[in-house]
1. From the list ALA168, ALA164, ALA175, which one is loosely packed, with under 15 Cβ neighbours inside 10 Å and modelled with pLDDT of 95 or more?
2. Where the second residue is outside any loop (DSSP other than H, G, I, E, B) and open to solvent by less than 20 Å² (accessible area, probe 1.4 Å) and the first is within 16 Å of VAL50 (Cβ to Cβ) and of a type in the set (S, T, N, Q) and lies in segment 208-234, which pairs have Cβ atoms under 6 Å and are six or more apart or on separate chains?
3. Mind checking which residues of segment 47-66 are open to solvent by less than 30 Å² (accessible area, probe 1.4 Å) and either of a type in the set (Val, Ile, Thr) or closer than 10 Å to LEU87 by Cα (or both)?
4. If I go through segment 212-238 residue by residue, how many of them are closer than 17 Å to ARG180 by Cα and crowded, with 19+ Cβ neighbours inside 10 Å?
5. I'm trying to understand the selection: among the residues of segment 41-86, which are basic (Lys, Arg), in a helix (DSSP H, G or I) and touching a residue at least 12 places away in the same chain (Cβ under 8 Å)?
6. Please count how many residues of segment 120-158 are charged (D, E, K, R), open to solvent by 40 Å² or more (accessible area, probe 1.4 Å) and either within 21 Å of ILE80 (Cβ to Cβ) or in a loop (DSSP other than H, G, I, E, B) (or both).
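The values are calculated or read from the model by the stated rules, or taken from the named source; none is laboratory data. Model, not experiment: these values are computed from the prediction. Reconstructed Cβ throughout: ideal geometry from the backbone, glycine too, with neighbour counts over all protein chains shown. These accessible areas exclude ligands, DNA and RNA; they are computed on the full protein's heavy atoms, side chains included. Shrake-Rupley method; radii C 1.70, N 1.55, O 1.52, S 1.80 Å.
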Amino acid sequence: MRGSLRASWRLLRLFFFVWSGLWLTFRHGSGLGSRERLARVQREWYQRAVKLLGVEVHCHGEQVEGPALVVANHVSWLDIPVLGSRLDVRFLSKSEIARWPVIGWLARGHGTLFIRRGAHQVEAIVGDIAAALNAGEKVAIFPEATTSRGDDVRNFHARLFAAAVATAAPIQPVAIDYGREPDGSPAHASYTGDDRLLFHFWRLLRRERTDVEVYILPLIPVEPDALRRDLAQSARRMIVAALSLPQKPGSRDEA
């Protein structure tokens, strides 16, 4: 009963919070004010969002100045507000999200880049990411291209790393760890295609608290002749090590 009351109260507060986000996005995302001010407003909005969700973010390390391709493992839809609460980044998301009511409008207002499925779309989005990097921005991608239960890091798709090679922007690996339940099962925050979004969302709201560790790892410099596959493998190895997961020998990342 207590969990349901907690979830209902949070849901009510989130409803009004999202609508306040629409106003902030309209006001600051319409070209008014500096990019630095917009980044600060977005970061503060994400910080309040994770707090309303009952999520406690423990961040290790700090973002560096200047452009970077931020590369993170992908465990949950929560990854976006969690990273957004600590890093000034633009996200790369699936094109379907752009069509979601309210959330899609918010994502577009926050400068999210969208990618459609299919190899022919990759070149276009690599160009968009490169343009953002050249403008001095940070762009966050999830190169696993899907979520996992958090007990493994899937192979990284390397195609999007071409944007870093084209601009010589460094790679910023970030490891996200929601931990495990006391019985050893995956954390409640983990979300995969087998889960139902609304059920997962309600279950999260019922929890008294959800902890997540975020490790901002050392930059990987990018040389003009760097191979995107090598960059993807290096970033994945660093993230796996930060999560204290076993390195799988012979794992090959897709080009």
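1. Working: ALA164 fails: loosely packed, with under 15 Cβ neighbours inside 10 Å; ALA175 fails: loosely packed, with under 15 Cβ neighbours inside 10 Å.
Checking each option against the conditions leaves just ALA168.
2. Cβ pairs passing all conditions: THR210/VAL55.
3. Result: VAL50, VAL55, VAL57.
4. Matching residues across segment 212-238 total 3.
5. Taking segment 41-86 and keeping what is basic (Lys, Arg), we get 43, 48, 51, 86.
If we keep only those that are in a helix (DSSP H, G or I) as well, we get 43, 48, 51.
Result: ARG43, ARG48.
6. The number of residues fulfilling the criteria is 5.
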